[in-house]
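Below: one structure, written as structure tokens.
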Amino acid sequence: MKKFPPIIKGMPVMLHGGDYNPEQWINSREIWEEDMRLAKLANINTFSVGIFSWAMLEPEEGVYNFSWLDEIMDMLSKNGIKAMLATPSGARPPWLSQACPEVLRTGSDRRRSLFGGRHNHCYTSPVYREKTKKINEMLAKRYKGHKALGLWHISNELSGECHCELCQEAFRNWLKARYSSLDELNGLWWTAFWSHRYSDWSQIESPSPIGERDLHALNLDWKRFVTSQTIDFLRNEAAPLRRLTPDVPITVNMMGFYSGLNYNEISKEEDVVSWDSYPVWRGDENDVRTAAAAAMSHDIFRSYKGKPFMLMESSPSVTNWQSVSKLRRPGTLLMNSIQAVAHGSDTVQYFQFRKSRGGAEKFHGAVVDHEGSENTRVFKEVSAVGSVLGKLSQVAGAAREADIAIIYDIESQWALEDSKGYKQDKKYLPTLIDFYEPFWENGATVDVIDQTHDLSGYRLVVAPMAYMIRPGFAEKAKLLVERGGVFVGTFLSGIVDESDLCFLKGAPGPLKELFGVWCEETDCLYDGEQSMVGFKGKAYAASDFCDIVHLQGAKALGWYEEDFYKGFPAVTMNEYGKGQALYIAARMEKAFLSDLFDELIRSLGIATPFSGKLPYGCTAQTRTDGEVEYVFIMNFGTKTALIDVEGGGASMLTGKAVAGILELHPMSLEIVSRPVSPEKRKI
Ligand SMILES: [Zn+2]
């Protein structure tokens with residue numbers, strides 16, 4: 001059996017619940033009682049509490065009031081609900097900003113904020129660190145051993161950066177630790193450019209719209225520093241919790257493709273990864289792309305630790321920040337929720353349980369509406385999700401096993417998006433989704449990892465737009481291929497090193513030998529322009545970027561059919577050791593990626609739940625405990641699909657046998673359990 005332990009000790013089930021803000025109803029105890037009744041009806045077993053409760057816990061400096069939280073914790077315990085107890089640093093009380101303005105965040109324009117909003121503190125401020133540590137210590141002391149305490153939810157959606165003097169000093173100290181001398185920094189930052197050479201550390205300032213923004217290596221190091229300083233702040237928060245409640249796991253809820261932090265580094269500080277997912281479901285054919293993008297996001301968060309993660313927030317209905325808050329169609333909530341489980345989540349949590357009566361989030365979706373009863377469509381759908389999760393207890397802890405990895409590297413993204421040249425919009429994230437989609441359509445499990453990750457367990461590694469090559473990555477890619485793996489790279493790869501310095505002697509830099517090509521130039525096409533590429537007897541459209549490459553050991557599999565580089569290779573393959581390295585020189589249309597990866601999946605014998613490709617809009621994702629595999633078959637399309645459930649299995653929804661052709665309506669799913677085949681068990 002290959003099963004991970006439950007996220008909350010003693011709860012080997014799927015967790016279902018959400019953010020619960022009883023402090024907003026502190027004068028209405030009857031609401032608290034009603035919430036417990038409604039939670040039971042909605043099949044809820046966990047609540048995140050205390051996220052924004054600092055002003056209620058410490059109404060004045062040094063004056064504490066935990067009695068209301070005591071009551072809530074006791075009520076949760078009495079009702080069999082576990083608390084994901086939050087530390088309150090995501091938003092602070094007004095008295096703290098008034099007494100100590102250093103806790104207020106300073107923007108890149110060097111203006112200090114006034115009190116207001118949330119996620120707006122200085123991570124360096126000794127005062128803020130002292131205050132957060134103190135209240136965390138009090139929470140840990142008070143609720144240590146409490147039956148309801150299941151997990152620590154540190155802060156909320158850590159994000160942003162501060163440019164105050166304290167942070168400038170911390171940045172300079174961080175740089176002094178990173179570089180042996182100012183000369184070394186000047187060299188690696190290429191400060192001879194525009195006469196920007198520093199003669200004293202004190203001259204270095206963080207990037208600013210009213211100051212330095214053209215030293216890309218400075219911009220890159222600043223982003224690295226922001227992650228490092230956020231981690232330092234996080235460790236300060238976690239210290240009393242680790243010390244007083246060592247058995248209670250810690251998580252930090254993260255946000256999709258948020259690019260302000262290196263989440264791979266943040267995840268190393270957590271016991272379990274959690275994230276907040278808010279895809280926009282439109283109720284039309286766009287939902288297929290939305291589903292693929294959401295699937296990839298789940299795989300990113302699962303891959304950080306390679307074990308089950310938590311869907312910490314999702315909307316039970318609408319969000320309140322989009323230009324149109326279109327209602328989700330009936331059935332969409334179940335798909336949104338179970339999709340996360342299919343990709344490795346052991347929880348479905350919502351923001352929020354009871355809708356706020358006032359403030360900015362009063363129209364954000366909630367399990368319980370202002371109307372207050374269980375008689376709403378949304379409440380009934382949430383309850384149905386809880387009921388399905390109740391049937392999936394044996395899936396909790398089950399793994400995902402991937403032969404394929406896609407490289408999504410935040411440092412490379414930072415450098416690529418900051419670069420001036422080529423085209424302004426490089427489309428890094430849409431490119432990743434384009435490359436992910438063919439695997440999703442085949443039901444092949446994919447890990448989405450960064451360049452620092454070990455590659456040795458994969459048979460196919462795809463690294464789209466690997467603009468920056470970080471130390472060690474090229475060596476790992478070579479080793480993978482030498483041993484018989486396949487490595488796929490693309491245009492705009494191998495251009496700069498970790499200091500954002502261009503590689504000399506030609507792109508793709510350290511990957512040149514592996515790919516057996518030299519990219520001399522890159523033609524950038526205007527939006528709407530296309531060039532044609534011939535590949536295996538078919539013609540495919542290329543757009544945006546067309547690398548002009550010379551073969552240096554590789555052989556061409558496809559050629560440009562137009563323009564002055566007609567006849568130049570557009571797709572190449574290099575035999576290297578026992579494996580192959582493929583280079584896709586242009587941004588190719590989706591049909592090309594599907595044809596290429598469909599064939600690679602078959603030729604490499606990569607495991608998929610069913611032998612053929614699934615109908616358009618459908619996918620099948622697998623989790624396994626080594627003995628049994630759980631196949632989540634989902635139709636995100638607008639048409640009823642017919643899927644051949646080869647080998648059959650038992651429906652985890654109805655308990656009935658599933659065999660032959662399964663008819664799946666739009667936005668619907670089936671979950672089948674079946675024994676793992678003996679061949680796979682040997683592996
Ligand atoms: Zn600061």
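No lab work stands behind these numbers, since they all come straight from the coordinates. Please read these numbers as outputs of a predicted model, since none were measured by experiment. Virtual Cβ from ideal backbone geometry, glycine too; neighbours counted across all protein chains shown.
Return a whole-number percent for the relative contact order of region 547-683, with Cα pairs under 8 Å and 6 or more residues apart as the contact set. Working shown, then result.
Values: 223 pairs, mean separation 21.1, N = 137.
It rounds to 15 percent for region 547-683.
Quick one: TRP54, TRP152, TRP25, fewest Cβ neighbours within 10 Å first, how do they rank?
On the way: TRP54 23, TRP152 26, TRP25 16.
Starting with the residue having the fewest Cβ neighbours, the order is TRP25, TRP54, TRP152.
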Spatial separation of Cα centroids for region 98-119 and region 358-378, in angstrom: 32
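On a full-extension model of 0.36 nm per residue, what is the gain between LYS391 and THR290, subtracting their alpha-carbon distance, rounded to one decimal in nm? Don't jump to the answer; show the numbers that get you there.
Numbers: separation 101, 0.36 × 101 = 36.36 nm, distance 2.64 nm.
Separation in residues times 0.36 nm, less the Cα-Cα distance, equals 33.7 nm.
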Suppose we keep just the alpha-carbon trace of region 618-682; what are its Rg and Dmax in angstrom? 12.1, 40
HN-Hα J couplings of region 346-363 from phi, Karplus 6.51/-1.76/1.60, θ = phi - 60°, integer Hz, Gly and Pro as x? 9, 9, 10, 10, 10, 10, 9, 6, 10, 5, 4, 8, x, x, 5, 10, 6, 10
Residues whose built amide H sits under 5 Å from the amide H of GLU157, excluding neighbours closer than 5 in sequence, are ASN253
Go ahead and estimate [θ] at 222 nm for the chain from helices alone: -39,500 (n - 2.57) per DSSP H run with n ≥ 4, summed, over the residue count, rounded to 500. -9500 deg cm²/dmol
What order, most packed first, do the peptides 411-417, 178-184, 552-558 have when packing is the mean number of other Cβ atoms within 10 Å of each residue? 411-417, 552-558, 178-184
Karplus (6.51, -1.76, 1.60) ³J(HN,Hα), θ = phi - 60°, over region 665-673, in Hz, Gly and Pro reported as x: 6, x, 6, 9, 8, 9, 10, 10, 10
Scaled by the rule-of-thumb 2.2 N^0.38 Å, the alpha carbon Rg for the chain gives a ratio of 1.00
What are the residues whose amide H is under 5 Å from the amide H of VAL368, where those residues sit 5 or more places off or on another chain and H is modelled from the backbone? ARG354, LYS355
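In what order do SER67, SER668, SER323 fall by count of nearby beta-carbon atoms within 10 Å, going from fewest to most? Kindly include the intermediate steps, with their values, before the conclusion.
Working: SER67 8, SER668 16, SER323 5.
Ascending number of Cβ neighbours within 10 Å: SER323, SER67, SER668.
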List the DSSP H helices in the chain whose Cα atoms stretch 27 Å or more along the helix axis and whose mean Kyte-Doolittle hydropathy is at least -1.0. 216-244, 287-305
Please list, in order along region 445-454, the HN-Hα scalar couplings obtained from phi with the Karplus expression 6.51 cos²θ - 1.76 cosθ + 1.60 (θ = phi - 60°), rounded to whole Hz, x for Gly and Pro. 6, 10, 8, 10, 10, 9, 5, 7, 6, 5
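Can you give the FRET efficiency for LYS176 and LYS268, using 1/(1 + (r/R0)^6), R0 = 22 Å, r = Cβ-Cβ distance, to the nearest 0.05? Mind dumping the intermediate values first?
Details: r = 24 Å, r/R0 = 1.07.
So the FRET efficiency works out to roughly 0.40.
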Listed highest first by mean packing, meaning other Cβ atoms within 10 Å per residue, what order do 207-215, 629-637, 539-547 come in? 629-637, 539-547, 207-215
Once you put a point 7 Å from the Cα of ILE661 and another 7 Å from the Cα of ALA360, both along the Cβ direction, what distance in nm separates them? 5.2
With the calculation restricted to Cα positions, what are the radius of gyration and Dmax of region 404-604 in angstrom? 15.3, 42
Cα centroid separation, region 585-653 to region 57-93 (Å): 45
Figure the gain on full extension for GLU130 and ILE26 (residue separation times 0.36 nm, minus the Cα-Cα span) and round it to one decimal in nm. 34.7 nm
Need the C-alpha centroid separation for region 120-197 versus region 200-270, integer Å. 6
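Could you calculate the FRET efficiency of MET11 with LYS78 from 1/(1 + (r/R0)^6), where r is the beta carbon distance between them and R0 is 22 Å, rounded to 0.05? Working shown, then result.
Values: r = 17 Å, r/R0 = 0.75.
The computed FRET efficiency comes out at 0.85.
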Can you give me the distance in nm between label points at LEU653 and SER199, each placed 7 Å from the Cα along the Cα-to-Cβ direction? 7.3
Would you mind getting me the FRET efficiency between ASN320 and MET138? Use the beta-carbon distance for r and R0 = 25 Å, nearest 0.05. 0.15
Let me make sure I get this right: for region 559-683, a, b and c are the square roots of the gyration tensor eigenvalues over alpha carbons, sorted descending. Under 1.5 in a/c it's rounded, otherwise prolate if a/b > b/c, else oblate. Which is it? oblate
The long-range amide H neighbours of ILE406, using H built 1.01 Å from N in the peptide plane and a cut-off of under 5 Å, are ASP447, VAL448, ILE449, VAL462
